[in-house]
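Step one of this worksheet: look at the structure below.
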Amino acid sequence: MTTPLLRIPDRNKYAQKITKVLGQQHIQVDPVQRELIEILDRCLGKSKSAAHPGIYIYGPPGPGRGKTLIMNTLVSLMPPATTARYHFHEFFQRLNSPANRIPGQRLGAIFAQGLERELAGLELLVFDEFHCTEPGDAMFMAKLVRHCAEHRIQLITTSNYGPEKLLDDDTFHHLVQPTIDRIKNDFVIFALDHQVDYRQRDADPQQVLEGYRLGSLNLFETPVAQPEHDTMIQIGYDEIGPVHLNAETIWITFDQICRTRRNTADYLELAGRYSCWHVTGIPASTNMPMDEERRLANLIDIFYDKNVEVHLYAADNLGDLGHMLHDTEKARLTSRLAQLQLNEYERTSASS
């Protein structure tokens, strides 16, 4: 007699449970989403020996398609001891952390060692923002997919790219092609592509906003009641500041966070320290240099993925932010900015 995957009873009720939880958030499942939920139900309900190695879910980033909503709900129903969920940037950082390196160790060995460490004991891995934009990503992706298959870890990925669009560069695409072939042959592939925009839709007045969606985009660079910046913070070997800190709230300027040598690893660490951010002095997006634009885009991505409350104070509505980024990156950024409350009048009302 086979052992059921994840050892969860009543697996045929997953679809009902997911739909019920979404309904409690005032979200009525549409036909495309229902089809995805039923696929998840069927795949998770199979025995370990008959289970699909993975499910690859993709859809355009422009309007929110519900990938994150459905994954949030699915993970909440799974046993935490055998389930893990990671975002691409965060997981890559964990594997490549200097604290886990042995002097002289090859990058491939670091990945293999890290996968064994981070995925030990798992039966289900949910991987958000599955993407491949450079050769190093291709190597990491190949090792991840192979490791999950060898260790019978069911892999569910969400992505803004269809499998064939991974590492969409003629020079390097061949590096990821074996992984693409494996996904196409072994995974259930589902395109979540419809017209409902769950990120940009009007919020239900009865819905309780939290985390990122509590944030705002304020059309002025400097708030009237800005607190005094009097504290330096340490990140790596550098200091940033002066900033203002109050418990888990940080006030920081655009110059300090996006016009310095900050990178994604720094942003992940800082987002873990502070749950509420005020970023002031953001210049007009029309002529923002590409390096600053990319840093701000990465920062917003991380705020969204880690559900951090953020208040941006900008010279314009950031409508041109991403004008030098890849179309997919720009569409994702536009979608995430649209979830912040737009505030044009706070400056006037505060001073009246």
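Compute the length gained on full extension between R106 and N263: take 0.36 nm times their separation in residues and subtract their Cα-Cα distance, giving the result in nm to one decimal.
Residue separation times 0.36 nm, minus the Cα-Cα distance, leaves 54.3 nm.
Mind ranking R295, R94 by accessible surface for me, highest first, 1.4 Å probe? Walk me through the numbers on the way to the answer.
Working: R295 50, R94 100 Å².
Listed by decreasing accessible area, they come as R94, R295.
Scan around N96 for amide H atoms under 5 Å from its own, H built in the peptide plane at 1.01 Å from N, and keep only partners 5 or more places away or cross-chain.
none
Rounded to the nearest 10 Å², what accessible area does D327 have for a 1.4 Å probe in the complete protein model?
120 Å²
Which whole-angstrom value gives the distance between the alpha carbon centres of segment 108-161 and segment 74-100?
Segment 108-161 and segment 74-100 have Cα centres separated by 10 Å.
How long is the gain from D320 to D193 if the chain were fully straight, where each residue apart is worth 0.36 nm and the alpha carbon distance is subtracted? Could the numbers behind the result be given before it?
Details: separation 127, 0.36 × 127 = 45.72 nm, distance 2.48 nm.
This chain segment gains 43.2 nm when fully extended.
For a protection proxy built on the mean count of beta-carbon atoms within 10 angstrom, sort 23-31, 243-251 highest first, please. Each step should come with its number before you reach the end.
On the way: 23-31: 12.3, 243-251: 16.0.
With the highest mean Cβ count within 10 Å placed first, the list reads 243-251, 23-31.
Calculate the length of the line joining the C-alpha centroid of segment 13-36 to that of segment 231-286, in whole Å.
37 Å
Where both residues lie in segment 231-352, what percent of DSSP beta bridges are antiparallel, nearest 5? List each step's numbers first, then the result.
Values: 7 of 17 bridges.
Rounded to the nearest five, the antiparallel share is 40 percent.
Short version: ³J(HN,Hα) in whole Hz for each residue of segment 127-143, in order, from phi by Karplus 6.51 cos²θ - 1.76 cosθ + 1.60 (θ = phi - 60°), x for Gly and Pro, what are they?
For segment 127-143, the Karplus curve yields 10, 8, 6, 5, 8, 8, 10, 8, x, x, 4, 4, 5, 4, 4, 4, 5 Hz.
Note down the nm distance, to one decimal, between modelled labels 7 Å out along Cα→Cβ at R42 and at D169.
3.8 nm
Quick one: which residues, 5+ away or cross-chain, put their amide H under 5 Å from the amide H of V126? H built at 1.01 Å from N.
Excluding prolines and chain starts, which carry no amide H, the hits are A84, R85, Y86, I156.
Round to the nearest 0.05 the FRET efficiency obtained for L214 and A99 when R0 = 35 Å and r is the Cβ-Cβ distance. Walk me through the numbers before you get to the answer.
On the way: r = 33 Å, r/R0 = 0.94.
So the FRET efficiency works out to roughly 0.60.
What residues have an amide H closer than 5 Å to that of A315, excluding those fewer than 5 places away on the same chain, when H is modeled at 1.01 Å from N in the peptide plane?
HN-HN under 5 Å from A315: I282, A284.
Considering only Cα-Cα distances, which of the following residue pairs are longer than 31 Å: K143/K306; K17/K306; K17/K330; K17/K143; K20/K143? Don't skip to the answer; put the middle values down first.
Numbers: K143/K306 25 Å; K17/K306 24 Å; K17/K330 34 Å; K17/K143 33 Å; K20/K143 36 Å.
Distance filter (> 31 Å) returns K17/K330; K17/K143; K20/K143.
Please provide three numbers in whole Å: the alpha-carbon extents of segment 219-352 along the principal axes, with the largest listed first.
Sorted largest first, the three principal extents are 44, 39, 26 Å.
The values are calculated or read from the model by the stated rules, or taken from the named source; none is laboratory data. As the structure is a prediction and not an experimental result, all values here were calculated from the model. Quick reminder, even Gly has a Cβ in these numbers, built from the backbone with ideal geometry, and neighbours come from all protein chains shown. Side chains included, ligands, DNA and RNA excluded: accessible areas come from the protein's heavy atoms. Shrake-Rupley method; radii C 1.70, N 1.55, O 1.52, S 1.80 Å.
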